[in-house]
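A short reminder: the numbers here are calculations on the coordinates, not readings from a lab. None of these values were measured; they are calculated from a predicted model. In this analysis, Cβ positions are derived from the backbone assuming ideal geometry, glycine residues included, and neighbour counts consider all displayed protein chains.
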Amino acid sequence: MNLLQSFIPITTFIFDLDGVLTDGNILVYESGEQVRRMSVKDGYALRLAVKKKYRVAVFSGANGTGAKKRLLKLGIEDVFLQVPDKKQKIEEYLELHRLQWKEILYMGDDMPDYSVLKMAGLPCAPSDAVPEVLQAAKYISTFPGGKGCVRDVIEKVLRLHDNWDLETSVVSG
């Protein structure tokens, strides 16, 4: 099976937040407020995936309330923050929605993602993930976290299913 065929069974995208949907940097203001940076191009792909009826979820150990507001604005309803055990929480999510691991594209960048990557049907990583994650990934995006890696994998799946069309317009927020 060639690598591109691995994208065909995907019905559900699950992403980590920091280092995947963001560039992994957190700007800390004097007030203590923490701000993350996200890609508009990733946002476009996320919104299109939701519009095309793919399931999209985000699981993070962090408390990114600002990022959660943006994700909700993009139509992603399944945003789970401060998750101490991602694998357990995602297994519960799969059971709730009657999903199988083989349908799941999971993208993570650091050690808390490792056990989930080992289970996912299509384990993916941004180009700047830690070495252990890069080794566990079946697909490594040419883009780093927060700079197009999410769009990269979503676009591949949508194109393979003829759901990436130039006529569909969505606002990325």
As a test of the formula, what do you get for the chain when each DSSP H run with n ≥ 4 contributes -39,500 (n - 2.57) and the sum is divided by the residue count, at 222 nm and rounded to the nearest 500 deg cm²/dmol? -9000 deg cm²/dmol
Can you pull out the chymotrypsin sites (Phe, Trp or Tyr not before Pro) in segment 59-99 that DSSP calls coil and that have at most 15 other Cβ atoms within 10 Å? none
In whole Hz, with x marking every Gly and Pro, tabulate ³J(HN,Hα) for segment 2-10 from phi via Karplus 6.51 cos²θ - 1.76 cosθ + 1.60, θ = phi - 60°. 7, 4, 4, 5, 5, 7, 5, x, 6
Placing unit charges on C-beta atoms (Lys and Arg positive, Asp and Glu negative, everything else neutral), compute the dipole magnitude of the chain about its Cα centre in debye, rounded to 20. 480
Along the charge dipole of segment 7-160, pointing to its positive end and built from +1/-1 on Cβ of Lys, Arg, Asp and Glu, which listed residue (N25, A62, I10) has its Cα farthest out? I10
Restricting attention to segment 13-107, which GluC sites (Glu not before Pro) occupy a DSSP loop and are surrounded by at most 14 other Cβ atoms within 10 Å? E30, E33, E77
In segment 53-131, the trypsin sites (Lys or Arg not before Pro) that sit in a DSSP loop and have at most 13 other Cβ atoms within 10 Å of their own Cβ are K53, R98, K118
Report the semi-axes of the equivalent ellipsoid for segment 85-173 in whole Å, largest first, where each axis is √(5λ) for an eigenvalue λ of the Cα gyration tensor. 23, 18, 11
Could you point to the residue in M111, Y44, V133 farthest towards the positive end of the chain's charge dipole, with +1 and -1 charges on the Cβ of Lys/Arg and Asp/Glu respectively? Y44
Over segment 7-160, what is the percentage of antiparallel beta bridges among all DSSP beta bridges, to the nearest 5? 20
So, with +1 on the Cβ of K and R and -1 on the Cβ of D and E, and no other charges, what is the size of the charge dipole of segment 76-144 about its Cα centre, to the nearest 20 debye? 260
Report Rg (one decimal) and Dmax (nearest whole number) for the chain, counting Cα atoms only, units Å. 14.9, 52
Counted neighbours (other Cβ, 10 Å), sorted fewest up, put L99, L74 in the order L99, L74
Counting alpha carbon pairs within less than 8 Å and at least 6 residues apart, what relative contact order, in whole percent, applies to the chain? 30
